[in-house]
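Here the structure comes first, spelled out in structure tokens, and everything after it is commentary.
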Amino acid sequence: MAVVPLVEIQSSRTQRPNAGTSYPYVDLTLGDTNTQRVIQLQLEQGLELCRVIAMQVENMMSVREKRLTLPPSEITML
């Protein structure tokens, strides 16, 4: 079992299963540009995992952007 914080995920992609295997692969690229590593998972619901990760990362980015923007009342005072 492994725990991977969402902030460490740089990308995810699915690969078709090889001949003789029944489940697709999911590659997760983790870390920053200097220390990247790839974890490969073989899951029946690999595509769904990539969709969930993308949705969660998008939500995290949206929350971060909302925190960085000034409310209209503060903009007019500048």
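Some notes on this structure:
- Subset tally (residues that are assigned to a loop (DSSP other than H, G, I, E, B) and either more than 13 Å from the chain's Cα centre (by Cα) or not β-branched (Val, Ile, Thr) (or both)) for the stretch 1-22: 11
- Close Cβ contacts (under 7 Å, 6 or more residues apart or on different chains) running from residues in the stretch 35-58 that are of a type in the set (Ser, Thr, Tyr) to residues that are assigned to a strand (DSSP E or B) are absent.
- Positions within the stretch 1-38 being β-branched (Val, Ile, Thr) and under 22 Å from residue 58 (Cα atoms), in sequence order: 3, 4, 7, 9, 14, 26, 29, 33, 38
- Residue tally, condition assigned to a helix (DSSP H, G or I), open to solvent by less than 80 Å² (accessible area, probe 1.4 Å) and at pLDDT below 80, over the stretch 23-73: 2
- Within the stretch 1-19, residues that are among the acidic types (Asp, Glu) sit with their Cβ atoms under 8 Å from residues that are surrounded by 13 or more Cβ atoms within 10 Å (Cβ to Cβ), at 6+ positions apart or across chains, in these pairs: 8/30.
The values are calculated or read from the model by the stated rules, or taken from the named source; none is laboratory data. What you see is a predicted model; the values in this text were computed from it and never measured. Positions of Cβ are generated from backbone atoms using ideal geometry, with glycine treated the same way; all protein chains shown enter the neighbour counts. Accessible surface is based on the protein model in full, side chains and every heavy atom, while ligands, DNA and RNA are left aside. Shrake-Rupley method; radii C 1.70, N 1.55, O 1.52, S 1.80 Å.
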